[in-house]
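Note sheet for the following structure.
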Number of protein chains: 2
Amino acid sequence: MRVERYPHNPIITPADVTPHHADFEVIAAFNAGVAVLGDETILLLRVAERPHSPNPQFIYAPIFAAKDRQLQMKKFDLSDVTYDYRDPRVISLSGHKDTFEFLTSLSYFRVARSKDGYNFTVDTEPFMYPESEFESFGIEDARVTKIENTFYITYSMVSPMGIGVGLASTTDFRTVQRHGMVLAPENKDGVLFPETIDGKYYALHRPVPKSNGQPEVWIAESLDLIHWGQHQPLFGLRPNSWDSDRIGAGFSPIATPAGWLELYHGADKNSRYCMGAILLDKANPRKVLSRTKGPILEPTQSYEVNGFFGNVVFGCGAVVHGDGVQMYYGVADTSMACCTLSLSDIMAELHS
Amino acid sequence: MRVERYPHNPIITPADVTPHHADFEVIAAFNAGVAVLGDETILLLRVAERPHSPNPQFIYAPIFAAKDRQLQMKKFDLSDVTYDYRDPRVISLSGHKDTFEFLTSLSYFRVARSKDGYNFTVDTEPFMYPESEFESFGIEDARVTKIENTFYITYSMVSPMGIGVGLASTTDFRTVQRHGMVLAPENKDGVLFPETIDGKYYALHRPVPKSNGQPEVWIAESLDLIHWGQHQPLFGLRPNSWDSDRIGAGFSPIATPAGWLELYHGADKNSRYCMGAILLDKANPRKVLSRTKGPILEPTQSYEVNGFFGNVVFGCGAVVHGDGVQMYYGVADTSMACCTLSLSDIMAELHS
């Protein structure tokens, strides 16, 4: 399995992004959706900003207050045993490390543009920023799918009411239209198929049920991209494997002669995130044809292993040129990297 | 708040239902959806059946195997400490009492018919029975909404993959058509509004997110009842109240001059289930106008307090005659009861 990492990875780091908020620092610029518009490659970056804390004894959770359209800061004393601060991403109640109460940063989307696909300039203003009380903890992990001449953006809406999948659209990456929450909590990793199949739109999504069931990948269909039904589980966790703990669709499935190729992320019990591949029937995407046994990309480089939350490769988009899948992927919940995978190698893995 | 319970409650008990499965016992006939068809009142009963265990040391979890369309029994030794058997409804992993691995009974739907609304005869055959692998743990808690001349049935589809909301329809309560899973896990208590508002169908539903958020009531909209979007939280838990732990819509909202009247169930930390009321704006059902402070029905009678899972009143349907709301409700997860509530009394509670 050939993986050609771009030698100058990472291609975007937090240092490349000026903070949008006064007295905040950019801690991550990662998990970007990908689009090609004219002669530009566009990355729809998730930028995470954290308030500076003048005293290391305290941290602050930023919360977007929709009513007065401004950020509020909730202050936490690290010696307060009510909360557990060990996961740098979240603030949990002590004894409840699998759930969270607040996030330590606020995420929103910035556009980065490039002529060569490697050297990017980040827009100075946010492209999408929390707007409603359903986004008060931020918006995360955009995936972009071009359908006819419109780019559809699926993303996580995060709030105290849970995490749902939102839909927005743009034609120019300057203005954006929101279409509401398309999948109710808890759900993440919503990706759209790039064309209709038998007159229907399809999506992959990843519910996280509480009472029973696992964080696995489901499929749904729609007539208009805004309303979804016919939900069915599609593929699940594999015990004792690299994808044993949680999985989610990476980005819009790639049309190949053999079927729909979906690159997905999976994590094990140690939260080590890799990417794998699964092949779906072209005419009936509810049918799984094959799945790679091992990962096709693993965190091995220092920029993949070390960071805000290490040991993560998380692909949210790609550009396909012939046999090459130029995948853009978030690394260590910190930066963006790029690598080229070979379609034929992935197909060989799928049929081995 | 006047509540006139029918003096001969309960109106249907497990003894009124012959088991569908050989060597099973009916442990519950409860949480019935309600419809009026011609001169008949129809209850769409949830019937729960449990395998007889010849040896009290063992219990069996019934699982519908979709492939060969028959029940499989999974045997559990009560002395096996891998599992926790304290909740009579479920089998959980020890140390994980808030989640479950298996159910101790299989639920499906039977029709009960009555000319007077109180004396019911239960059909001898199931009306709906698990059909797919997404219903392998059973189907539960039907709600019936008449829209034009069709009765739409929303219900819980339960399987190892989680609990979702299914949709089916009938015009005669003899034959039924399924429309798939309309809301992905974890979700329950889906109810439809009885008419379109500004050309759109609306539903209430109750997601149960895992990472953050609570089991609260959401609203969604649809153009065809099968595909749903525009999800938004509608009303939530109230700390230190009778509805502090979980809530869910009861049944289809009742159109009143003051707005949409929704009777909902709520439970406290002791899993004591009561019914309350909330009023939604007629033209914009996303707007809550008022909510009763206390419950409008509480478990007080012996048949409500004692049973398979006691201290539960759980209304899934009603027939409105002038000021009277004749509500049918499950009691103690065992039987069906009936009471008449006064619309004007509920309205007075809502405005007090």
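No value in this document is a laboratory result; all are computed from the given coordinates. Bear in mind that the values here come from a model prediction, so they are computed numbers and not experimental data. All Cβ positions, glycine included, derive from the backbone under ideal geometry; neighbour counts span all protein chains shown.
One compactness figure for the protein assembly as shown is 0.98, namely its Cα radius of gyration divided by 2.2 N^0.38 Å. Computed from the C-beta positions of A:K146 and B:K287, the FRET efficiency with R₀ = 35 Å rounds to 0.45. Distances from A:M73 to itself in the other copies, using label points 7 Å out along the Cα-Cβ axis, amount to 6.5 nm in increasing order. Sequentially through region A:157-167, phi angles give Karplus couplings (6.51, -1.76, 1.60; θ = phi - 60°) of 9, 10, 7, x, 7, x, 10, x, 9, x, 10 Hz, Gly and Pro residues having no value and appearing as x.
Measuring between their Cα centroids, region B:163-239 and region A:269-330 lie 33 Å from each other.
Label sites at A:H96 and B:T99, each approximated as a point 7 angstrom past Cα along Cα to Cβ, lie 1.6 nm apart. With the convex hull drawn around the C-alpha atoms of chain B, the volume per residue stands at 136 Å³. Converting the Cα gyration tensor eigenvalues of region A:191-266 into ellipsoid dimensions via √(5λ) gives semi-axes, longest first, of 23, 16, 9 Å.
Here r is the Cβ-Cβ distance between B:R178 and A:V305 and R0 is 45 Å; the resulting FRET efficiency, rounded to 0.05, is 0.40. The trypsin sites (Lys or Arg not before Pro) of region B:66-171 that meet both conditions, a loop assignment by DSSP and at most 12 other Cβ atoms within 10 Å of the site Cβ, are B:K67, B:R69, B:R86, B:K97, B:K115.
Across the copies of the chain, A:E133 has label points (7 Å from Cα along Cα→Cβ) spaced 4.1 nm apart, shortest distance listed first. In terms of surrounding Cβ atoms within a 10 Å radius of their Cβ, B:E221, B:E25 rank from fewest to most as B:E25, B:E221.
Each eigenvalue of the Cα gyration tensor of region B:49-99, multiplied by 5 and square-rooted, gives one semi-axis; in descending order these are 21, 14, 9 Å. Can you tell me how region A:130-249 classifies by the Cα gyration tensor, rounded, prolate or oblate, using a/c under 1.5 as the rounded cut? It comes out oblate by the Cα gyration axes.
Using a simple spin-label model with pseudo-atoms 7 Å out from Cα toward Cβ, B:N55 and B:D68 lie 2.3 nm apart.
The spread of Cα positions in region B:228-346, taken along each principal axis and listed from longest to shortest, comes to 41, 33, 28 Å. In a simple Cβ point-charge model (Lys, Arg +1; Asp, Glu -1; nothing else charged), the protein assembly as shown has a dipole of about 260 debye relative to its Cα centre.
In this assembly of identical copies, the label point of B:E25 (Cα plus 7 Å along Cα-to-Cβ) is separated from its counterparts by 6.5 nm, sorted shortest first. Averaged over peptide A:174-187, the number of partner chain Cβ atoms lying within 10 Å of each residue's Cβ comes to 5.
In the structure displayed, which of A:K75/A:K188; A:K97/A:K146; B:K75/B:K115 lie more than 32 Å apart, Cα to Cα? In this structure, A:K97/A:K146; B:K75/B:K115 lie more than 32 Å apart at Cα.
Neighbour counts of C-beta atoms inside 10 Å place B:V158, B:V90, B:V176 in the sequence B:V176, B:V90, B:V158, starting with the fewest. Legend: mean number of C-beta atoms from other chains within 10 angstrom of residue C-beta atoms, peptide B:130-137, equals 1. Between B:K269 and B:D84, the C-beta separation translates, for a Förster distance of 25 Å, into a calculated FRET efficiency of about 0.85. Taking a ≥ b ≥ c as the square roots of the eigenvalues of the Cα gyration tensor, an a/c ratio of 1.5 or more together with a/b no larger than b/c marks region A:176-222 as oblate. Shielding by partners for peptide B:154-163, expressed as the average number of C-beta atoms from other protein chains within 10 Å of each residue's C-beta, is 4. What you get for chain A, charging only the Cβ of Lys and Arg (+1) and of Asp and Glu (-1), is a dipole of about 460 debye around the Cα centre.
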